[in-house]
Amino acid sequence: MEHSSKKSRLIVLLTAITLFIISGTAHASDASAQGHDLSPLGMFFMAGLVVKTVILILLFASVISWTIACVKFREVGKLSKQISTSLEQCLPIHYLHDLQKAPVTCSVSQKMINTPFSELDLSPTGMPSQGIKERVQMALMAIEKQQKKQLISQLGFLATVGSTAPFIGLFGTVWGIMNSFIGISESNTTDLAVVAPGIAEALFATALGLVAAIPAVMLYNVFSRKVAHVAGQLHELSAHINRLLSRELDLETLPKQSDPKNAI
């Protein structure tokens, strides 16, 4: 379902870009007849094939970056709120057998809560408690890593855009200015009015590179902090579960007539 949704968004995006190019063809023809159009749309359609390709790549990267940002804002924010609620419900609990009764609605938190009970069911009576603790701890760490891996997925694209977009735009600029100088040599004129439109079109690629890169870097830093915050919440819940398990196993080693509350 998620794969189909991503595929549908990609098709819609490519269709929009195609319509954008088609709709601008007539505009570019009119601009050629009336002189150079130095608006952003006009510079795009008057640019050469290489510069136009660079601009499209940067626009595509920027749109994908903001799409990822919208999806991740919702995903990370929702998970952080759910885990925060789970912590409020679980931290006041002092005994492991009461933990399963906590009204937790977060699937990740519930999975972590079920981990010690699953291990206790699999471990025969009399098995060393240290081994049980280690296995539960490893299972909880695996859940934390899996969830963190899911949260940081697609964030690498933001880092890639942030680091490469300025250079892609610079390539378009260098190529466009090179063509402008070639045009100067072929026309045997140094009139600024002749070469300025081509140089402006080339510099437009650098501007778009910065427009794509700066938000991508900022969004990546924001999400890195948010993911670190969620990872901290998961670790806090994991530590609490380990603490309750350790207490439960230690209580089992006490004489039956001992009062558990006095044994803490």
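Coordinate-derived values only; no laboratory data. Since we're looking at a predicted model, the values are computed, not measured. Ideal geometry is used to build each Cβ from the backbone, glycine not excepted, and the neighbour counts take in all protein chains shown.
Using θ = phi - 60° in the Karplus curve 6.51 cos²θ - 1.76 cosθ + 1.60, the 3J(HN,Hα) couplings for region 67-84 round to 5, 4, 4, 5, 5, 6, 4, 5, 5, 5, x, 5, 5, 4, 5, 5, 5, 4 Hz; x is entered for Gly and Pro.
3J(HN,Hα) along region 153-164, derived from phi through the Karplus expression 6.51 cos²θ - 1.76 cosθ + 1.60 where θ = phi - 60°, amounts to 4, 6, 6, x, 5, 5, 5, 5, 5, x, 8, 9 Hz, with x in place of Gly and Pro. What the phi angles of region 238-248 give under the Karplus curve with 6.51, -1.76 and 1.60, with θ = phi - 60°, is a coupling list of 4, 5, 5, 5, 4, 5, 5, 5, 4, 5, 4 Hz, glycine and proline written as x. A protection proxy built from the mean count of other Cβ atoms within 10 Å ranks the segments 123-129, 63-69, most packed first, as 63-69, 123-129.
Could you put Glu252, Glu201 in order, starting from the residue whose Cβ has the fewest other Cβ atoms within 10 Å?
Working: Glu252 11, Glu201 27.
Fewest-to-most Cβ neighbours within 10 Å comes out as Glu252, Glu201.
In 5 Å bins starting at zero, report the fraction of Cα pairs in region 58-263 per bin as a rounded %. Spelled out bin by bin, region 58-263 gives 1, 7, 12, 12, 10, 9, 8, 7, 6, 5, 5, 4, 4, 3, 3, 2, 1, 1, 1, 0, 0 percent. Pairs to check: Lys78/Lys133; Lys101/Lys149; Lys133/Lys226; Lys101/Lys226; Lys78/Lys145; Lys72/Lys145. Give those whose C-alpha atoms are more than 27 Å from each other in this structure. Exceeds cut-off: Lys78/Lys133; Lys101/Lys149; Lys133/Lys226; Lys101/Lys226. Note on region 58-263: dipole from Cβ charges, positive end direction compared against Ser246, Ile199, Met218; the farthest Cα belongs to Ser246.
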